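Enquirer: I am attaching a structure below and will ask some questions about it afterwards.
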Amino acid sequence: MSKLLILGGGFAGMWAALTAAREAHVAGKSLDVTLVSRDEYLTVRPRLYEPFEDGLRAPLRPVLEPVGVRFVPGEIGNVDAAARRVRVATGGSETTFDYDRLVLATGSVQRALPIPGAEFAYDIDTFAGAGRFDARLRDVLREPERTGALTFVIVGAGFTGIELATDMRRRIRVLADAALAGRARIVLVERNTMVGPDLGSKPRPILEAALRDVRVEVRLGVSLTAIDAEGVTLGGGERIASRTVIVAAGLAANPLTADLSAERDALGRVVVDDYLRVPTAPGVFAAGDSAHAKVDEEGHSALMSCQHACPMGKHAGYNASRELLGLEPRVYRQPMYVTCLDLGDAGAMLTSGWDREVQQTGEETKALKRTINTQWIYPPKGTREDILAASDIDGVWPPPT
Ligand SMILES: Cc1cc2nc3c(=O)[nH]c(=O)nc-3n(C[C@H](O)[C@H](O)[C@H](O)COP(=O)(O)OP(=O)(O)OC[C@H]3O[C@@H](n4cnc5c(N)ncnc54)[C@H](O)[C@@H]3O)c2cc1C
């Protein structure tokens, strides 16, 4: 039986596995589909700025096993594309997996800041990281009178930094009380001279107003030069006493991308062709945050986002499985692009198109963001038939209600 191996159980990897299982089912043929990932959960990374709870991740086995995908928990050590072999550490031993087709979907990682004391910083990049930050927040709120306890320095005014900064006061209110939330100092540091540097000019007035509304102190055009247990030093020598520094900038493709002798972009993502194949590695596809793929004919490429990772995963699983089944693959294109950003107590913002025309703000948008974050990006549920139906490359998940 032909073997399809999928590396990474995030959005791209899960959808690659499900779509491949569906294509084999529809073709009435057998395919050995195996997904290897660090743990048994899909971490819903877009929610990691929210108050920490177990529901920020979803178990993978209940969605993979009913459709016949084998799940293997393990740490992927290396990909040998020439030998079509992957080395995985599983429960204290090492296993090798051979494949006929491979989908690399190991996502992205946050790089540590290249400054002294980077190890003092927290992040919300992974479930474990978000858990550590939550524990820290609870600790400092227990001793609010200690110097720097109520000052939170957030590094990076991109999507993640803005969502975290605008939600911080609400989180403190929930964990402690309104008085401490009111006293907190939230500092958002951005080395560029504008907030949302990658978001373009159209949404900026809304972002700036939201940050003002929830009293986030924005420091633009400045970088951190050092972090220690008591605070941060900014370029120019200014010191901010803070016991909690959170880095929300500096994503790069997973280092496993370097195992493929392939072209990579500035973020380390493997450059793939129209079918999400890695041109220099026969049998290998890449999807999600690990892949640089063309989305339209206007020169845009996929961003590190769920919005792109899910359809890319579906296409990679579809194409890899159909190659093995002797069926036609399909070009990946995704011309439509929207952004839905949570702005904490200041509401939310929806933009459409690559120039990010603002479509909507306020309560309605907040409700939409909630639906996206708690329903649309979660794995499909239900019976084997429901999961297979949700895995149709032309289907819509979740079905409109
Ligand atoms: C705080 C935050 C907020 C975000 N907000 C949004 C948003 O609002 N909208 C949006 O569209 N996107 C958002 N994103 C981005 C989005 O989460 C990513 O683009 C998406 O998760 C990428 O999916 P992926 O499947 O490529 O990778 P991931 O979801 O990162 O999955 C990769 C998987 O591979 C596994 N893995 C990696 N290396 C190994 C290894 N060596 N061995 C075994 N397993 C391994 C990981 O454990 C993980 O399960 C946000 C991200 C963060 C961190």
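Enquirer: In region 278-296, how many are away from the ligand (no atom under 11 Å from the Cβ) and in contact (Cβ under 8 Å) with a residue 24 or more places away in the chain?
Expert: Residues meeting the conditions: 11.
Residue-by-condition table, conditions (1) modelled with pLDDT of 95 or more; (2) away from the ligand (no atom under 13 Å from the Cβ):
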site	(1), (2)
Arg22	yes, yes
Val26	yes, yes
Arg38	yes, no
Glu50	no, no
Val63	yes, yes
Val69	yes, yes
Val88	yes, no
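Enquirer: Just give me the residues in region 253-281 being of a type in the set (Gly, Ala, Ser) and either open to solvent by 60 Å² or more (accessible area, probe 1.4 Å) or farther than 21 Å from Ser305 by Cβ (or both), in sequence order.
Expert: Initially, region 253-281 is screened for residues of a type in the set (Gly, Ala, Ser), giving 253, 258, 261-262, 266, 268, 281.
Those that are of a type in the set (Gly, Ala, Ser) and either open to solvent by 60 Å² or more (accessible area, probe 1.4 Å) or farther than 21 Å from Ser305 by Cβ (or both): Ala258, Ser261, Ala262, Ala266, Ala281.
Enquirer: Answer yes or no as to whether Ala309 is assigned by TED's automatic domain parsing to the domain that holds Ser30, within 16 Å of the ligand (Cβ to nearest atom) and out of contact with any Ser or Thr (no Cβ under 7 Å at 6 or more places or on another chain). Can you show your working first?
Expert: Details: assigned by TED's automatic domain parsing to the domain that holds Ser30: yes; within 16 Å of the ligand (Cβ to nearest atom): yes; out of contact with any Ser or Thr (no Cβ under 7 Å at 6 or more places or on another chain): yes.
Yes; evaluated as a whole, the condition is true for this residue.
Enquirer: Is it the case, given these coordinates, that Arg191 is surrounded by fewer than 20 Cβ atoms within 10 Å (Cβ to Cβ) and either without any contact (Cβ under 8 Å) to a residue 12 or more places away in the chain or farther than 15 Å from Gly344 by Cβ (or both)? Before the answer, list the steps.
Expert: Details: surrounded by fewer than 20 Cβ atoms within 10 Å (Cβ to Cβ): yes; either without any contact (Cβ under 8 Å) to a residue 12 or more places away in the chain or farther than 15 Å from Gly344 by Cβ (or both): yes.
Taking the combined requirement at face value, the residue satisfies it.
Enquirer: Moving on. Is it the case that region 172-184 has a residue that's among the basic types (Lys, Arg), closer than 19 Å to Ala130 by Cβ and open to solvent by 60 Å² or more (accessible area, probe 1.4 Å)? Step through it out loud before you land on a result.
Expert: First, the residues of region 172-184 that are among the basic types (Lys, Arg): 173, 183.
Of the ones still in play, those that are also closer than 19 Å to Ala130 by Cβ are 173.
Filter again for open to solvent by 60 Å² or more (accessible area, probe 1.4 Å), leaving 173.
Within region 172-184, one or more residues are among the basic types (Lys, Arg), closer than 19 Å to Ala130 by Cβ and open to solvent by 60 Å² or more (accessible area, probe 1.4 Å).
Enquirer: Mind listing whichever residues of region 141-158 are under 20 Å from Leu251 (Cβ atoms) and crowded, with 22+ Cβ neighbours inside 10 Å?
Expert: Taking region 141-158 first, the residues under 20 Å from Leu251 (Cβ atoms) are 153-158.
Matches in region 141-158: Val153, Ile154, Val155, Gly156, Ala157.
Enquirer: OK, next. Just for strands (runs of 3 or more DSSP E) wholly inside region 28-115: which have at least 1 residues that are open to solvent by less than 60 Å² (accessible area, probe 1.4 Å) and over 30 Å from Ile172 (Cα atoms)? Don't jump to the end; show me each part of the working.
Expert: Details: elements: 32-37, 41-43, 57-59, 70-73, 75-80, 85-90, 93-98, 101-104, 108-110.
Strands (runs of 3 or more DSSP E) meeting the threshold: 32-37, 70-73, 75-80, 85-90, 93-98, 101-104.
The values are calculated or read from the model by the stated rules, or taken from the named source; none is laboratory data. As the structure is a prediction and not an experimental result, all values here were calculated from the model. As a convention, Cβ positions derive from the backbone with ideal geometry for all residues, glycine included, and neighbour counts pool all protein chains shown. For the accessible areas, the whole protein counts, side chains as well, though only heavy atoms, and no ligand, DNA or RNA atoms are used. Shrake-Rupley method; radii C 1.70, N 1.55, O 1.52, S 1.80 Å.
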